[in-house]
Every structure is written in C-alpha cells, then in structure tokens.
Amino acid sequence: MAIKYKFPDNFWWGAATSGPQSEGRFHKAHRSVFDYWYDTEPEAFFNGVGPNVASNFYNDYVRDIALMKEVGLNSVRTSIQWTRLIKDFETAEVDPDGVRFYNAVIDEFLRQGIRPIMNLHHFDLPVELYEKYGGWASKRVVELFVIFAKKCFELFGDRVKDWTTFNEPMVVVEGEYLYQFHYPLLVDGKKACQVLYNLNLASAKAIQVFHASDCAAHGGRIGIVLNLTPAYPRSEDPADVAAAAFAEDFKNNSFLYPAIKGHFPEKLVETLKKDGVLWQATPEEGKIIAENTVDFLGVNYYQPFRAKARESELPNKLTWLPEKYFEQYHMPDARMNPYRGWEIYPKAIYDIACNVRDNLGNIPWYISENGMGVEGEEKYRNAEGAIDDDYRIDFIKEHLEWLHKGIEEGSNCFGYHLWTPIDCWSWMNAYKNRYGLIGLELTTQTKTIKKSGHWFKELATNNGF
Ligand code: BG6
C-alpha cells in the first residue's frame, strides 16, 4: 500500500493513560481528591462507577503492556500516583509496594521495547494535602510536590528518560476553582489565579531539581503536558478578536509562556492586577520560573475554543471570572462529538504546530493526547467479538493529515499519542465514553483489540498511512 503521509524517523507512535484512571486503588495507602470525592459522593459519577478497580492495571499490567505492544505502540505515557508511591508526604518516605509496582511497570515497558514517559501529576492531589494546607493554593504543597518529584527521579531516572511534571494543569484551575467538575468544586477566581501561578512554580521547581540531577546528565528530558484549546474569534470584529485574545492568554498562554519562555503573558498580568486577582509571588520565584523552562512540550488537543465579545450578563457576580472578558461562542455549524459535547476541528492541530514553530521557539513537541470518546461502543461489536470503530480511525487520520502538513512546513513535532491505549476510567464520566485502541468489558475486565488497534499497528509499522 502506498504511503501518502510519511512521518519523521523515530516518530513516537503511542498512547497515553494515567495512574488514577487505569490502576485501580489496590494497595494504595492514601486517597487522592478523586478517591475521596467518590467515597463521599459516588452518585456524582456516571453510573456510580469510581476509581476503585478502574481498568485493573495494578494487577494486569503484564498482560496490558503486551496488548499495547500488539497494537504497535513504541511509547506510552502513564503517571506515578503521589498517593501510591509516598507514605509520608512531609518527608517523601516511600511506600515499598508503590516502589515495587512502578519499578515492575517500567521494567515491563522496557522489556517489551516500549518507551515509558512518566508524568508526575494527573489531577491526583492527595486529599490530606487539601485538608491540611488548602491544596494547590498553598506554597507548602508546591514544596511537597518537589520532594515527591525528586524521589521519582532518584528511584526511576536510571531507566525513564522522558518525564513530564503536570498533565493539563489548567484543568486543575478550571475544574477545582472555577467550573466545579473536580473536587473541591469551588468557584473562586482569586484562588484560581493563585493556583494557576503555584502550578507553574511547582513545575519550574521540579524542572530545576531534574536538571541538577543525574537524570539530566544521563540524557533525560523533562517537559509539561498542556491541554491547548486554540481560541478563535467569532468574527473579525475587534471586540470578538479581543475576547479571543484574552481567552488565548488565560487558557493557553498562562501555562505555555512560563513553561517555554519563562514568564507570564504581560497583558494577562496587567489585567489580573487591575482586577485585584493577581497571585502572590516573590522575585526569587520569578527567577526560578525564568531559569527553569521545559526541554519539550506535550500538547493534548481535543477541541478549539470559540470566543465572542460578552453579550450577556456574567453568570456569577460574587467572584472574578475570566469570562469577564469573553463569552463562549457556540458556532451553529460546528461539527460535534455528541457524546462528549466537544467540537471536532482537526485543522487546529496545524495551527498549534505553526504557533509552536513561529512563536514558541520551535521547541521539540509532540501530541501527547488526542482522541475520540464514544458512548455505547458495544453496538459496534462484530461477530468475532471486536469493536469496529471506523469513526476513530477516520478521526485519527484527519488529525494526522493536518499534523503532517505542520511538520512538512517545519514544525518540530516528534510524536503522536492517542488517548488512550485501553479504555479507562474518565473522572466524572467514569466509563461512559470509551477512547481506547483496546476495548474493556467492565464487569469481566476482558480486554479486546478494536479495529483501530489493528489499524494503529499498521500506522506505526509503516511510520505513516
Ligand atoms: C484529558 C485528560 O483531559 O482528556 C484525561 O488528560 C481525560 O485524563 C481525557 O480522561 C478525556 O477526557 P474525558 O473528560 O472525556 O475523560
């Protein structure tokens, strides 16, 4: 078969998951904020399904990694759960079973010839650190995260070469402090801004420790994974354009700039200051952020953000909200994923590629997540018992075509990871929408390769399609 879209040599063809969404809570001494929320309010989760068993990766990792190999993955990202690895958060004393487990997982990936990318935080703050210090609003928690990160580098840095500090830190800001989809479900604009700053600081401090460690000396790299939602204005009207520019700064550049350029977007800082919601910061911290930028960038791309100038009253006047400066525009002819309610707009991947090339120093980057969550995939099960998910293959192809164009035009992209290898637990949506190349039958924990999994294997083998 002729290959129309050929990708660069050594391209990462892989998939991403996370500890809290795949492992299950087996043998974990501590609870994350999600574990706690599920224990106290199980009805908040789709069909009452929580993270207790998830996709049983804790028990099944050998078989699961073999399946990942079978679908052609040459690299996989997962995360180390703070609540599994660490026994005492104040001293970073480890839990021996956590160390055993992550060592075994890393060794198994390597044995199968799969490059493990280890992420340090995927929305899974220990709930004790929320109760004791106020979570990410506290700089004490930043310090505790750094000693956890250091422990990870010491324990696993001899084998793991690629690290990321945070997955989608903006989702912590939005979910926990603005839009109530992560515990503790607050709406507090000022705190949200402090959290945004503290997460950037925590990332820079972990990077500082990494760069001073043996990992860096042995060729290790560290980055951050950001969910980019490129902001497009409704029209060329200057008011719409200004609305989109603020959304772009708040949602994307507030993490992109510190991570890559070492400073926050100036206009955003000015606006937050004028509104009295700017974060508490010291000059020493500013220096740490300036001097400890990432080696590479991971981009999670799912959907664009369409903005218009505000037309209606702000829904909440009790606190500051970024929506003071924009309103979401629901484009009438948008192509939607109806199960997730997200717009499908593959061209944004190309726009991101050009933005990285032109405005972000063309730093090495990869698509660290992209994917399509579909409800009720059971109805696509064929006579042999596998799921025929042609829509997922088409979705991936469309995004890859635009990514390919970006690479051809000089963007420094080194890989594409799908969310996710094996259907996994998705926060409040639990197992409603499935994203995997490998399907999971939840009650029996049976795992079966989908049509997209076989297709992905060919894609990876041919380094293109
Ligand atoms: C990203 C996250 O937001 O998208 C994952 O990094 C998440 O943790 C994935 O599962 C899909 O989103 P959702 O909300 O449908 O699970």
### Query
To the nearest 0.05, what FRET efficiency results for Thr91 and Glu291 with a Förster distance of 22 Å applied to their C-beta separation?
0.20
### Query
What whole number of Å gives the distance from the Cα centroid of segment 122-192 to the Cα centroid of segment 215-292?
18
### Query
Based solely on its DSSP helices, what 222 nm [θ] is calculated for the chain when runs of n ≥ 4 H residues each add -39,500 (n - 2.57) and the sum is averaged over all residues, nearest 500 deg cm²/dmol?
-12000 deg cm²/dmol
### Message
Given R₀ = 25 Å, what would the calculated FRET efficiency be for Arg159 paired with Asn59, taking r from the Cβ atoms and rounding to 0.05?
### Response
0.70
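Of the cross-linked pairs Lys273/Lys405; Lys28/Lys397; Lys324/Lys432; Lys28/Lys324; Lys4/Lys69; Lys69/Lys379, which ones have a Cα-Cα span greater than 30 Å in the structure shown? Could you put the intermediate results ahead of the total?
Working: Lys273/Lys405 40 Å; Lys28/Lys397 39 Å; Lys324/Lys432 33 Å; Lys28/Lys324 42 Å; Lys4/Lys69 25 Å; Lys69/Lys379 26 Å.
Those over the limit are Lys273/Lys405; Lys28/Lys397; Lys324/Lys432; Lys28/Lys324.
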#### Entry: Length gained when the stretch Asp333-Lys347 is fully extended (0.36 nm per residue, less Cα-Cα span)
3.5 nm
### Message
To make sure I understand the rule: partners must be aspartates and glutamates, Cα under 17 Å from the Cα of Lys308, and not fewer than 8 residues away in the same chain. Which ones qualify?
### Response
Glu236, Asp237, Asp240, Glu248, Asp249, Glu323, Glu327, Asp333, Glu343
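State to the nearest 20 debye the size of the charge dipole of the chain about its Cα centre, where the only charges are +1 on K and R beta carbons and -1 on D and E beta carbons. Each step should come with its number before you reach the end.
Details: 51 positive and 64 negative charges, 87 e Å.
So the magnitude is around 420 debye.
Show me the ranking of peptides 237-249, 302-314 by mean Cβ neighbours inside 10 Å, starting with the highest. Walk me through the numbers on the way to the answer.
Numbers: 237-249: 18.8, 302-314: 16.7.
Descending packing order for the listed peptides: 237-249, 302-314.
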### Summary
Here D for segment 322-465, in µm²/s, from Stokes-Einstein with a Kirkwood Rh over Cα pairs at 10 °C and 1.306 mPa s, works out to 94
## Note on the structure
Once the in-chain neighbours fewer than 8 apart are removed, the aspartates and glutamates whose Cα is under 15 Å from Lys6 read Glu398, Glu401, Glu408, Glu409, Glu458
### Per-pair calculated FRET efficiency, R0 = 22 Å: Glu398 and Lys6 via Cβ, rounded to 0.05
0.80
### Task
Could you run the Debye sum over the Cα atoms of segment 73-211, one equal point scatterer each and no solvent, and tell me log10 of I(q)/I(0) at q = 0.16, 0.19 Å⁻¹, two decimals?
-0.82, -1.09
### Query
Once Lys and Arg get +1 and Asp and Glu get -1 on their Cβ, which of Met170, Asn355, Trp419 lies farthest toward the positive end of the dipole of the chain?
Asn355
### Query
Want the number for Tyr391 to Ala212: 0.36 nm per residue separation, take away the alpha-carbon distance, what's left?
59.9 nm
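Relative to the Cα centre, what is the charge dipole magnitude of segment 207-365, using +1 at the beta carbon of each Lys and Arg, -1 at the beta carbon of each Asp and Glu, and rounding to the nearest 20 debye? Walk me through the intermediate numbers first.
Values: 17 positive and 21 negative charges, 48 e Å.
Using only the charged Cβ atoms, the result is roughly 220 debye.
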### Query
Taking only pairs that are 8 or more places apart or on different chains, how many Lys pairs in segment 141-245 have Cα atoms under 22 angstrom apart?
6
### Message
If you count only protein heavy atoms with a 1.4 Å probe, what accessible area per residue comes out for segment 12-462, rounded to a whole Å²?
### Response
37
### Query
For segment 314-406, what is the convex hull volume of the alpha-carbon atoms per residue, in Å³?
184
### Distance-filtered residues of segment 327-357 - backbone nitrogen under 20 Å, label point 7 angstrom along Ala239 Cα→Cβ
327-332
#### Entry: the chain - percent of accessible surface contributed by carbon and sulfur, probe 1.4 Å
52
### Task
Could you give me the radius of gyration and the Dmax of the chain, taking only the C-alpha atoms into account and expressing both in angstrom?
21.1, 64
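The values are calculated or read from the model by the stated rules, or taken from the named source; none is laboratory data. Bear in mind that the values here come from a model prediction, so they are computed numbers and not experimental data. Don't worry about glycine lacking a Cβ; one is built from the backbone with ideal geometry, like all the others, and counts go over all protein chains shown. The accessibility values were calculated without ligands, DNA or RNA, using every heavy atom of the protein model including side chains. Shrake-Rupley method; radii C 1.70, N 1.55, O 1.52, S 1.80 Å.
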